[in-house]
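Accompanying notes for the structure given below.
Bear in mind that the values in this text are calculations on the coordinates, not laboratory data. Predicted, not measured: the structure shown is a model, and the values here were computed from it. Cβ atoms come from the backbone with ideal geometry, glycine included; neighbour counts cover every protein chain shown.
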Amino acid sequence: MNLLSILWVLTSFYSAGSDTGSTEQIDLCKIYGAIYIEEYPENAQFLVYEEESEAFAKILVFEEENKLFATENGKWYFTDNKDFARHTVYFVDRKRDADFSVYFTRFESFAGCQ
C-alpha cells in the first residue's frame with residue numbers, strides 16, 4: 001500500500017510538470033519580427049519545417065531586409081544576434097518533428113497565416 005502511494009505521488013509530480021502542446025497555446029500569427037536561427041533544437045522556442053509548397057504551410061513567410069518592416073503576420077527578419085530576436089527557431093528536416101511549417105514567399109502581400 002505504501003509503495004502504491006509513492007508511485008502515485010511521483011506520477012502526479014512528473015505529469016504536472018510536463019509541457020505538452022506549447023505551440024497550441026501561442027497564436028502562430030503572432031510569430032513575426034526579428035527571428036534568430038538556433039544551432040541546436042533544444043535552444044529554440046519553435047521547431048519549424050520549411051514546406052516546398054505554400055498549400056501545406058501554416059504560415060507564409062516573407063523575409064524582410066529591414067527589421068523595422070517586420071511588424072506584421074508572416075514578416076520575418078533574420079538576425080545574427082540572439083539578444084535582438086523576438087523569437088528563436090530551429091529548422092528541422094522532417095515535418096513530424098516540427099511545431100509548425102512555413103513557406104517562404106517572394107510576395108510581401110501573401111505573407112501571413114493560413
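Overview of results
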| read-out | value |
| --- | --- |
| Set of aspartates and glutamates near Lys58 by C-alpha distance (under 20 Å), chain-local residues within fewer than 8 positions excluded | Glu24, Asp27, Glu50, Glu72, Asp93, Asp97, Asp99, Glu108 |
| 4 °C / 1.567 mPa s Stokes-Einstein diffusion coefficient of the range 26-113, Kirkwood radius on C-alpha pairs, µm²/s | 101 |
| Proximal lysines relative to Lys82, as straight alpha-carbon distance under 23 Å, when same-chain residues fewer than 8 apart are discounted | Lys30, Lys67 |
| Leu68 paired with Asp27, simple spin-label distance in nm, labels 7 Å along Cα-to-beta-carbon | 2.6 |
